[in-house]
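Trainee: Pasting in a structure now, in structure tokens, and then I'll have a few things to ask.
The values are calculated or read from the model by the stated rules, or taken from the named source; none is laboratory data. Fair warning: this is a prediction, and the values are worked out from it, not measured in the lab. Neighbour counts are summed over all protein chains in view; Cβ atoms, including those assigned to glycine, are modelled from backbone coordinates with ideal geometry. All accessible areas refer to the heavy atoms of the entire protein, side chains included, with ligands and DNA or RNA removed. Shrake-Rupley method; radii C 1.70, N 1.55, O 1.52, S 1.80 Å.
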Amino acid sequence: HAQRPSSKLVGLALIQRLCVMCPDDVRLQRIAPAAASLLTDPDASVRSRAVAVLASSLADVTSFPPSDALIFPKYVFKRAEGLVGDPSPLVRAAFAGCVGA
């Protein structure tokens, strides 16, 4: 696990670039939980980038099997609920941009 915010940002950028080539099951079972785990990171830039990666990876999903239905209540909604009231304007803007898109 990366400790420095700069390393986490590089990792998120790589994940976002790789996501384009990944099948839906990888996006739902691997990428979304990894990005959602960073929504509670202490660094605001990591949280805002995680919001963007999570939103873009889920936006590209074309098939959604019933077995992956728990991803939203288990990972996404649980960790995203605090983003609206996040103390950082950067995170709130990233969240608003992804919700409004």
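Trainee: Which residue is modelled with the highest pLDDT, if the candidates are limited to segment 55-101 and must be under 19 Å from A2 (Cβ atoms) and touching a Leu at 6+ places or on another chain (Cβ under 7 Å)?
Mentor: Across segment 55-101, the extreme among qualifying residues is V91.
Trainee: A further question follows. With the checklist (1) open to solvent by 20 Å² or more (accessible area, probe 1.4 Å); (2) over 20 Å from G100 (Cα atoms) in hand, flag the one item C19 doesn't pass.
Mentor: The one condition C19 does not meet is (1).
Trainee: Are any residues in segment 1-51 modelled with pLDDT of 90 or more and in a loop (DSSP other than H, G, I, E, B), and if so, which ones?
Mentor: Selection gives Q3, R4, V20, M21, C22, P23, D41, P42, D43.
Trainee: Answer yes or no as to whether L58 is surrounded by 14 or more Cβ atoms within 10 Å (Cβ to Cβ), without any contact (Cβ under 8 Å) to a residue 40 or more places away in the chain and within 14 Å of the chain's Cα centre (by Cα). Walk me through it before giving the result.
Mentor: Values: surrounded by 14 or more Cβ atoms within 10 Å (Cβ to Cβ): yes; without any contact (Cβ under 8 Å) to a residue 40 or more places away in the chain: yes; within 14 Å of the chain's Cα centre (by Cα): yes.
Yes, satisfied.
Trainee: Filtering segment 68-88 down to residues that are in contact with a helix residue (DSSP H, G or I) (Cβ under 9 Å, 6 or more places away or on another chain) and loosely packed, with under 11 Cβ neighbours inside 10 Å, which residue is farthest from D41 (Cα to Cα)?
Mentor: Among residues in segment 68-88 that are in contact with a helix residue (DSSP H, G or I) (Cβ under 9 Å, 6 or more places away or on another chain) and loosely packed, with under 11 Cβ neighbours inside 10 Å, the one farthest from D41 (Cα to Cα) is G85.
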